[in-house]
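Report on one structure; see the data block that follows.
The values are calculated or read from the model by the stated rules, or taken from the named source; none is laboratory data. Just so we're clear, the structure is a prediction, and the values are computed from it rather than from any experiment. Neighbour counts run over all protein chains shown; Cβ positions are idealised from the backbone, glycine included. Accessible surface is based on the protein model in full, side chains and every heavy atom, while ligands, DNA and RNA are left aside. Shrake-Rupley method; radii C 1.70, N 1.55, O 1.52, S 1.80 Å.
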Amino acid sequence: MTAARRLRNVAIIAHVDHGKTTLVDQMLAQGGAYRENEARQERAMDSNPQERERGITILAKCTSIIWSNDTGETHFNIVDTPGHADFGGEVERVLSMVDGCLLLVDAAEGVMPQTKFVLSKALRLGLRPIVVLNKVDRPNAEPDKTVNDVFDLFAALGASDEQLDFPFVYASGKEGWALTSMGDARESLKPLFELILSHVPDPAPQRFLDQPFKMLATILDSDAFMGRTLTGRVESGRISVGQTVKALSRDGREIERARLSKLFAYRGLRRVPVEFAEAGDIIAIAGMPHATVADTICDLMVEEPVPATPIDPPTLAVTVTINDSPLAGRDGDKVQSRVIRARLFAQAEGDVAIKVTETADKDAYELAGRGELQLGVLIESMRREGFELSISRPRVLYRRDEETGAVLEPFEEIVIDVDDEYSGAVIEKLAQRKSQMNDMRPSGSAKTRLVFHGPSRGLVGYHSEFMTDTRGAGVMNRVFLDYLPHAGDIPGRRNGALISNEIGETTAYALWNLEDRGVLFVDPGEAVYEGMIIGENSRADDLEVNPMKAKKLTNVRASGKDEAIRLTPPHKLTLERAISWIEDSELVEVTPKAIRVRKRWLDPNERKRREKMSESVG
């Protein structure tokens with residue numbers, strides 16, 4: 001980096017669906033990242049297949065643009081971050097790489113739970129955010145009210161006087177313009193680029209250019225060609241290809257020494273090889289097989305590691321075991337415990353918000369994370385890679401108060417936007433789940449905004465019930481609040497399960513006879529086994545049924561008569577829905593081609609014996 005070149009490192013943070021990735025698309029386009037005739041992909045930063053399917057950002061990613069104005073060129077390193085609360089660990093670790101941030105707020109939705117979470121992390125690191133009031137072109141946008149709400153949020157989070165004096169712009173990320181005043185011409189993002197240039201300081205590490213090389217590894221990824229690559233910001237000194245460096249752990253222990261085989265910088269959407277980098281640059285390095293996230297890559301003479309930002313601990317966990325059902329091994333090729341173990345620990349190495357521990361008998365693994373969605377995304381990725389797994393019901397991770405010894409559990413802030421007519425049903429259901437309403441106010445267009453504080457375990461499996469109660473029109477957002485005293489018992493699933501008592505293939509005739517018993521999960525001709533759950537009972541108790549019963553030949557009619565049976569389409573469980581639907585005595589069987597629900601103990605006699613044991617213990 002020459003002295004004439006200006007550099008700015010900026011992260012974009014916001015609540016989910018407030019337009020971060022769409023804004024980055026326009027910044028790339030107006031920053032010269034594309035050739036004039038180059039094909040452009042919508043939400044180009046969401047390169048992961050699950051990100052495109054779900055419409056959310058899951059992984060933090062770096063990009064860069066070179067923007068020119070009358071005073072010269074400026075190199076912007078931009079970090080796009082996830083907006084969903086479950087992936088908050090990605091936000092926490094990448095904020096240490098930047099010197100400023102853009103806080104996007106939807107001018108129609110206003111301040112939301114994740115807005116509060118990401119802003120608190122930015123303020124704690126001393127960053128001075130620029131507020132971008134996005135989607136001001138929407139008819140129900142209220143930019144002035146949103147600015148006031150954002151100021152109140154800054155004040156509530158203990159922002160300093162400098163941070164409270166935040167600049168803001170009005171913008172439309174989709175249309176690609178930004179304004180300093182609503183009356184200005186809507187032309188381009190130039191006002192936003194100029195504000196970043198004037199408000200975000202030069203990279204802090206540039207002051208330490210003459211000191212030995214240091215870099216804090218923030219993102220770990222790998223591919224078949226390059227192997228493991230570590231991304232981070234150079235905190236001091238210079239680095240060049242072929243230089244020998246060492247890796248230090250957070251406690252200063254030397255992990256390894258290696259010669260850097262490749263050095264990459266970000267240019268638009270591509271990662272290009274460079275020969276050298278210096279303090280302030282965001283780079284990726286290859287050639288270190290053991291170093292990982294939060295380790296310090298440094299010159300051989302350095303003894304002190306770069307302090308790593310502490311990450312909030314996980315709040316939810318599931319148990320992952322091998323698939324031991326009668327249908328195991330038919331779909332996937334990665335079924336052994338050691339292969340599952342290696343994959344889970346590799347994930348935990350790169351994702352600091354994930355924790356993996358082995359159980360005492362070494363035959364299962366406890367996978368802990370921030371929420372159902374984060375765990376569901378990982379399990380879905382493993383399913384697509386060919387793994388077969390058994391997953392337990394999610395359970396919250398408790399703590400004990402050091403002073404009183406009382407049991408503490410994770411609580412969440414829940415913000416719900418719902419049509420006025422459905423607000424009563426939502427309040428009633430959340431009250432049953434031990435949530436307390438903190439605020440209720442109209443949000444325009446015959447909608448009501450409800451704010452609750454409630455225990456995380458009461459929200460496991462609630463989302464699908466919420467969508468049913470609100471006829472699909474409700475919007476629910478959750479974010480971790482704090483560990484608070486245990487809220488008491490919460491009722492579980494009200495309906496029992498329909499359990500297959502045979503192994504074989506289902507028949508339309510049998511399922512037609514079972515439709516009155518409850519909601520079915522399986523189609524005709526689907527493979528089932530003893531102990532597999534094929535539906536939800538309409539009553540509270542479990543019911544063993546025979547889904548393979550065929551129509552018998554009689555003296556009056558042939559067995560094939562009346563074959564045109566019309567069945568109600570089954571309710572197919574998604575992975576997240578299945579994980580949240582099951583009880584403690586049940587498991588989700590995950591394979592590349594199927595998601596099944598089963599009893600933990602397939603044999604009915606064993607199930608009864610276990611029930612008696614639990615009752616006697618209780």
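Worth pointing out:
- Which numbered condition Ile66 fails, given (1) touching a His at 6+ places or on another chain (Cβ under 9 Å); (2) at pLDDT below 75: (2)
- Extreme residue, least open to solvent (accessible area, probe 1.4 Å), among residues of the range 434-455 that are at pLDDT 90 or above and not in a strand (DSSP E or B): Ser435
- Taking (1) assigned to a helix (DSSP H, G or I); (2) over 24 Å from the mean Cα position of the chain (by Cα) in turn, Ala487 satisfies each apart from (1).
- Residue in the range 227-269 that is surrounded by the most Cβ atoms within 10 Å (Cβ to Cβ), counting only those that are on the phi > 0 side of the Ramachandran plot and either among the aromatic types (Phe, Trp, Tyr) or in a loop (DSSP other than H, G, I, E, B) (or both): Gly237
- Qualifying residue in the range 373-383 (condition: assigned to a helix (DSSP H, G or I) and among the hydroxyl-bearing types (Ser, Thr, Tyr)): yes
- Whichever residue in the range 270-289 is of a type outside the set (A, V, I, L, M), closer than 14 Å to Ser236 by Cβ and in a loop (DSSP other than H, G, I, E, B) and, among such residues, is least open to solvent (accessible area, probe 1.4 Å): Gly280
- Just one residue in the set Val293, Val306, Val302 is in a loop (DSSP other than H, G, I, E, B), touching a residue at least 12 places away in the same chain (Cβ under 8 Å) and in contact with a Gly (Cβ under 8 Å, 6 or more places away or on another chain); that residue is Val293.
- The condition (being among the β-branched types (Val, Ile, Thr), at negative phi and open to solvent by 10 Å² or more (accessible area, probe 1.4 Å)) is satisfied by just one residue among Val147, Val118: Val147.
- Just one of the numbered conditions (1) in a loop (DSSP other than H, G, I, E, B); (2) surrounded by fewer than 17 Cβ atoms within 10 Å (Cβ to Cβ); (3) at pLDDT 90 or above; (4) not basic (Lys, Arg) is not true of Thr357: (1).
- Consider the range 161-178 and keep the residues that are without any contact (Cβ under 8 Å) to a residue 24 or more places away in the chain and more than 30 Å from the chain's Cα centre (by Cα). The one that is least open to solvent (accessible area, probe 1.4 Å) is Asp165.
- Residues located in the range 570-618, provided they are closer than 17 Å to Leu389 by Cβ, among the β-branched types (Val, Ile, Thr) and open to solvent by 40 Å² or more (accessible area, probe 1.4 Å): Thr574, Ile595
- The single condition from (1) over 30 Å from Thr591 (Cβ atoms); (2) assigned to a loop (DSSP other than H, G, I, E, B) that Ser325 fails is (1).
- Cβ pairs under 7 Å, 6+ apart, first in the range 585-598 and within 17 Å of Gly492 (Cα to Cα), second open to solvent by 10 Å² or more (accessible area, probe 1.4 Å) and among the acidic types (Asp, Glu): none
- Any chance Thr74 is surrounded by fewer than 22 Cβ atoms within 10 Å (Cβ to Cβ), in contact (Cβ under 8 Å) with a residue 24 or more places away in the chain and under 21 Å from Lys190 (Cβ atoms): yes
- When Val460, Val407 are checked against the criterion of being open to solvent by less than 60 Å² (accessible area, probe 1.4 Å) and under 23 Å from Gln374 (Cα atoms), a single residue qualifies: Val460.
- Flag set for Gly83, criterion: more than 17 Å from Leu195 (Cα to Cα), at pLDDT below 90, of a type in the set (Gly, Ala, Ser) and buried (at least 23 other Cβ atoms within 10 Å of the Cβ).
- Residue count, the range 58-71 (criterion: open to solvent by 10 Å² or more (accessible area, probe 1.4 Å) and in contact with a Gly (Cβ under 9 Å, 6 or more places away or on another chain)): 3
- Filter result for Asn477 (among the polar types (S, T, N, Q) and at pLDDT below 85): yes
- Count of the range 362-387 residues which are touching a His at 6+ places or on another chain (Cβ under 9 Å) and aliphatic (A, V, I, L, M): 1
- Restricting attention to the range 305-330, the residues that are surrounded by fewer than 18 Cβ atoms within 10 Å (Cβ to Cβ) and not aliphatic (A, V, I, L, M) total 11.
- No other residue among Arg207, Arg186 is of a type outside the set (Val, Ile, Thr) and under 30 Å from Ala291 (Cα atoms) apart from Arg207.
- Scanning the range 161-179 turns up one or more residues that are of a type in the set (A, V, I, L, M, F, W, C) and part of a helix (DSSP H, G or I).
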